[in-house]
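Some notes on the structure that comes next.
Each value in this text was obtained by applying a stated rule to the coordinates, not by laboratory testing. Values in this document were obtained by computation on a predicted structure and should not be read as measured data. Methodologically, a virtual Cβ is constructed for each residue, glycine included, from the backbone with ideal geometry; neighbour enumeration extends over all protein chains shown.
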Amino acid sequence: MSDVGRAQQTGQAAREQASATAGQAGQAAGQVGGVAAEKARNVAGQAREQAGTAVRDLQGRLREEARGQTERFAGTMRQWADDLAGLAENAPGDSPARSMAAQAADGGHRAADYLDKQGLEGLLGDLQSFARRRPGAFLGGAVLAGLVVGRLAKAGTQQGRSPDRQPAAPARDEAPLPPAAAPRVGLPGPPGV
């Protein structure tokens with residue numbers, strides 16, 4: 001075999017070896033890419049799972065807080081109703097205030113019992129249902145409730161002030177002119193001036 005033949009064989013063998021190496025490298029790259037894609041899917045799945053868990057935990061905490069607030073509100077309402085019932089018991093027998101206090105106490109007890117039984121979800125569901133059935137009445141009630149809350153807030157801030165304290169007079173932008181500097185209009189000056 002001549003040197004040219006051996007060189008061709010060596011070149012052919014090198015090409016075959018390079019082709020096999022390139023094929024193996026391609027397979028290895030495909031495997032690495034597949035493993036990387038699988039790892040990325042796993043990480044994304046874990047992130048979605050953790051996000052879902054965090055959202056569920058937050059929703060649970062919010063429900064617990066709402067439940068606690070509702071229970072406290074129902075307790076406060078029950079206390080007010082008990083106070084009104086006490087007022088009704090101590091009022092004279094034929095007094096209109098007695099019947100109004102008794103009715104308000106009864107309504108307060110029923111509302112507190114409703115909140116204990118239905119909770120915030122039941123209250124919100126009933127409000128939504130009422131708003132769909134009678135939107136005008138719902139909006140009117142909301143406006144009325146807003147006015148009552150505003151009046152109560154205003155009364156609370158006024159009650160917080162002491163009665164002997166008067167609000168300060170507003171500051172004036174300009175100081176009055178002193179009497180000597182005031183211009184004279186239409187008055188004659190003293191003789192000889």
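For the residues Glu65, Glu71, the requirement of being without any contact (Cβ under 8 Å) to a residue 40 or more places away in the chain, in a helix (DSSP H, G or I) and of a type outside the set (Lys, Arg) singles out Glu65.
One residue alone among Ala37, Ala105 is among the aliphatic types (A, V, I, L, M) and surrounded by 12 or more Cβ atoms within 10 Å (Cβ to Cβ), and that residue is Ala105.
In this structure, Ala97 does not qualify as in a helix (DSSP H, G or I), surrounded by 11 or more Cβ atoms within 10 Å (Cβ to Cβ), within 18 Å of the chain's Cα centre (by Cα) and without any contact (Cβ under 8 Å) to a residue 60 or more places away in the chain.
Among the hydroxyl-bearing types (Ser, Thr, Tyr), touching a helix residue (DSSP H, G or I) at 6+ places or on another chain (Cβ under 9 Å) and assigned to a helix (DSSP H, G or I): is that true of Thr76 in this structure? So Thr76 passes the test.
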